[in-house]
Structures are given as structure tokens and as C-alpha cells.
Amino acid sequence: MVERALGLSRNDGCVVLVDEDSTANLRFAGNTLTTNGVARSARLTVISIAGQGVGVVSRTAVRADQLADVVAAAEAAARDAQPAEDARALVEAGPASVHWGDEVRPTDIGVFEGFAPALSEAIAAAEAGGRKLYGFAEHSLTSTFLGTSTGVRLRHDQPTGRLELNAKSGDLKRSAWTGVATRDFTDVDVAALGSSLAQRLEWAKTRVDLPAGRYETLLPPSAVADLMIYMFWSSGARNALDGRSVFARPGGGTRVGEQLATLPVTLSSDPGAAGVACAPFVTAHASSRDSSVFDNGLPLGRTDWIRDGRLEALLQTRYSAELSGLPVTPGVDNLIMTGPAGGPAPSLEEMIASTRRGLLVTCLWYIREVDPQTLLLTGLTRDGVYLVEHGEVVGEVNNFRFNESPVDLLGRLAEVGGSGQTLPREWNDYFQRTIMPAVRVPDFNMSTVSQAS
């Protein structure tokens, strides 16, 4: 389909993307498997270039006899378009992907062959303990084919898996959540996840009501991922250059080069990172302030966004890099945060044990932006906030609304734990590949008490 679409193109340039998607899922509620199924879909995107005008047409389920109509529609849109400000020469061809022409092998329900029996045992354990398990397991495989009129022929096959587990007490008054990201479900320890949820429900048997205020708070990797992802999404160079974001320097320019964190933390992306590998080239279905269709096929490597606490890079297209004078650093589909180098980093359990008095948060949700100039976010806690006293969890606390900026938090971190692969609670529909640590914040702002339960 890519080759035929390129062959039909008559404008000055053409980019064709085909995404073949397949998914398999298991869903369960109240200790009972409720549904399972598989699905497949395909999307064709044709990006036509006429002079500096760009036309983009994206459609699903395109038949062979409809291909010429899609290309013609993109070409007509390009001829009618105003000049694109990000217009650049298309990326020149490098070596083609060695598996460019191989058959697409979709995922199927067999991906759960080892996981399903373990889930059954976890459900049985929950039933025996008077608990109820709810959640879903989902696996997808997306094969992306990218071809251009300059000869680029690249392909990436992206497996993505996630498991969300929610345990409730028999009377449904206590609730705890956990989730994991995986490439193939062979590394998911369902029994350990179930035991962790059971422990949290035991903690919740004691209820402690606390007022709003600033508390020493332990944020687990999942919550840290949600905050760092939002910061990553907000780190576009164009908005910074225009003075529209927290990364704008007063008086003009960007804050690249500034020290953001007192502890030497590093926030990076790397297409080849173990466990969270992703596409090693740019795939842009449309241009935006942070991406450009003209950059399709541009190679991606490791990028340090923050290194040793210092802001190193922002999301850059070739166009914005010319405006800023900074290197070209497109977005990458994973995010990795690590703490200070040297010596073993503490586990979350060790961080709990060293806490005199503070809060342990399970996860965050309903995160929304309040002020882009400071990146102030608001949101709620969910499925378990616990009081820690003298190194032990003594009970569950009421939920809170929080108001915090992830950029400001970086400058107030008191401790950073060891990093591991995690699943963000709020953003896992859009961003699953993260490696994050637990962190200790001495004065996390729980702005109001939430009635959510």
C-alpha cells in the first residue's frame, strides 16, 4: 500500500504512513472474567507536498481500489494550502528496515497463555480472602510503515501491554489499585501484585482523617510518571520561545541550561532502552508546534531532557531548532527518570521505613493544568493514601485534591529511590513506556480534602 500510494503521487513530494494495529484483551470484575476478545484495524495517512503547501488525508480501512482517491484528495489539499512555516526538504533515505517487506504478525489471545492461569489463581486467592478483583489486561501490536518520495523505507513493530488491577473489600468500602506495563506479559507477577493489594486493604481497615495542608509525601513510580509525562508534553521549544510555558526565560529565549533540580536527577528518552524500546525514527502524521511532517524518518537516539538536574533540551523540530539555535531533539515515545549516580538507591519499602511521619500516595488521577506559565497542575489522589509513622503504615487517610508543579517539585525533592518500569495511572491510554523512581517530597501541597472515595 505504501509503495502503490507513492507511485500514484504526482506532487512535489509525498510521505505515506500505514499503521497496522491488533489488540487482545481480558476483562474481569467481581472475581469473574467478563469479556475477552481481539481486534484489528489499519490506518493510511498520505501527506502530499506542493511547493510549501501540505495536504494530509488519513483514513481507516482503505481498500486497494480507494487508494487513488486518498492520494488525489491529499494532493488537492496541498495545492489549496497556505505555505507551511515548517516546510523543509524531506529527510533523505538511509538504509531501509531489514524487515520492511515481512508479513505483519498480529497479536492474539495466545499472548495471555501464561498470564491467564496466574490471574485465575490470584482471583481464587482474592475470593478466599473476602476480596474482589476488578481490572483488565490488554496487549497491542502496532506495525508502522513509513515511506517517502525521497526513498525512506522504515518500519517499526511496537508491542505494548498493560495490566490494571483494582482490589476491593467484600463490602466495597475499601479500594486499592496497582498496574504494570509489559511488552509480552511473560514478566508479570500477578500473585505479587495481588498480595500487595491485599496488604493495602488491610492498612485501610484503620481510617485516619487529616486536614488539607503540606505533608511529607512519598510518591510511587506510577504517580511520578504521571507528573513527568505532563511536564514532557509541556516542554515544546516553540511555546517556550513564545513565552507561553514554564520553560520560557524571562526576557526571551528558553531556560535550557538552567538548574531545575537540587538533586542530580536525569530525565531522558532512549529508543533502545531495555523494556521500553520504541520507534527509532520520527513518525509524524500531522504537523503541530512540537512535530513536523517534514521530519518523518529522522533518526532518533538518546536525548537527555534534564541531566544532573540541569535542563538540557526541549521538544524540537528542525524548524524550531533553527529558531532557537538549539539541537534538533524530536519527541521519543518513552521517558526514563533516574536519581543520583553512585551507591544503591533505596526501594519504596526502605523509604517508608525511614519515614518519621508522612503520607504514602498510591496514585494520582484527573490531572489538569491550572497555569501553563508555572505548569501548576491540580488533581486527586485515588485508591489509597496512607499515613506512615515511625517507619510503619498505620492506616488509610482521606483523599485530597493537590496543587503542584512538576517543575517546582524537582527543586524540592528530598530523596529519589531506585528506578523501575511502571505504568502511569492517569496517562496510560496514551503513554505506557516509562521507567521511574519513587520520590520523597518534604512539603507536597494537599490543597483541599476530597470527598471522592
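The values are calculated or read from the model by the stated rules, or taken from the named source; none is laboratory data. No experiment lies behind these values; they were computed from the predicted model shown. So basically every Cβ, Gly included, is an ideal-geometry build from the backbone, and we count neighbours across all protein chains shown. Ligands, DNA and RNA are excluded from the accessible area calculation, which covers all protein heavy atoms including side chains. Shrake-Rupley method; radii C 1.70, N 1.55, O 1.52, S 1.80 Å.
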What are the ³J(HN,Hα) couplings of segment 290-304, residue after residue, when phi is run through the Karplus curve with 6.51, -1.76, 1.60 and θ = phi - 60°? Round to Hz, x for glycine and proline. 10, 8, 9, 5, 6, 8, 3, x, 5, x, 10, x, 5, 10, 8
Net charge near residue 362: determine it from the other residues with C-beta under 9 Å of the C-beta of residue 362, scoring Lys and Arg +1 and Asp and Glu -1. +2
Karplus 3J(HN,Hα) series, Hz, for segment 314-322 with 6.51 cos²θ - 1.76 cosθ + 1.60 (x for Gly, Pro): 10, 5, 10, 8, 4, 5, 5, 5, 5
Give the cross-link partners of residue 205 among the aspartates and glutamates, using a straight C-alpha distance below 13 Å as the criterion and excluding same-chain residues fewer than 8 apart. 171, 396
In what order, largest first, do 338, 422 sit by accessible area if the probe radius is 1.4 Å? 338, 422
Quick one: in the chain, what % of C-alpha pairs are over 34 Å apart? 40 percent
Expressed as a whole number of Å, what is the distance separating the alpha-carbon centroids of segment 169-236 and segment 53-110? 40 Å
Answer rounded, prolate or oblate for segment 156-265, using the Cα gyration tensor with square roots of eigenvalues a ≥ b ≥ c: rounded when a/c is under 1.5, else prolate when a/b is larger than b/c, else oblate. oblate
Do you know the relative contact order of segment 122-161, to the nearest whole percent, from alpha carbon pairs under 8 angstrom that are 6+ apart? 34 percent
How large is the accessible surface of residue 233 in square angstrom, using a 1.4 angstrom probe and rounding to the nearest 10? 90 Å²
Give me the distance between the Cα centres of segment 299-348 and segment 1-34, rounded to whole Å. 29 Å
Let me have the 222 nm mean residue ellipticity of the chain computed from DSSP H runs of 4+ only, each contributing -39500 (n - 2.57), with the sum over all residues rounded to the nearest 500. -5500 deg cm²/dmol
Can you sort 285, 390 by solvent-accessible area, 1.4 Å probe, largest first? 390, 285
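Can you give the charge dipole size of the chain about its Cα centre, rounded to the nearest 20 debye, using +1 on the beta carbon of Lys and Arg and -1 on the beta carbon of Asp and Glu?
620 debye
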How high is the relative contact order of the chain? Use alpha-carbon pairs under 8 Å, at least six apart in sequence, and give a whole percent. 16 percent
Given backbone amide H placed at 1.01 Å from N, residues whose amide H is under 5 Å from that of residue 273, ignoring those fewer than 5 places away on the same chain, are 278
Based on Cβ point charges of +1 for Lys and Arg and -1 for Asp and Glu, what charge dipole magnitude is obtained for segment 152-262 about its Cα centre, in debye rounded to the nearest 20? 320 debye
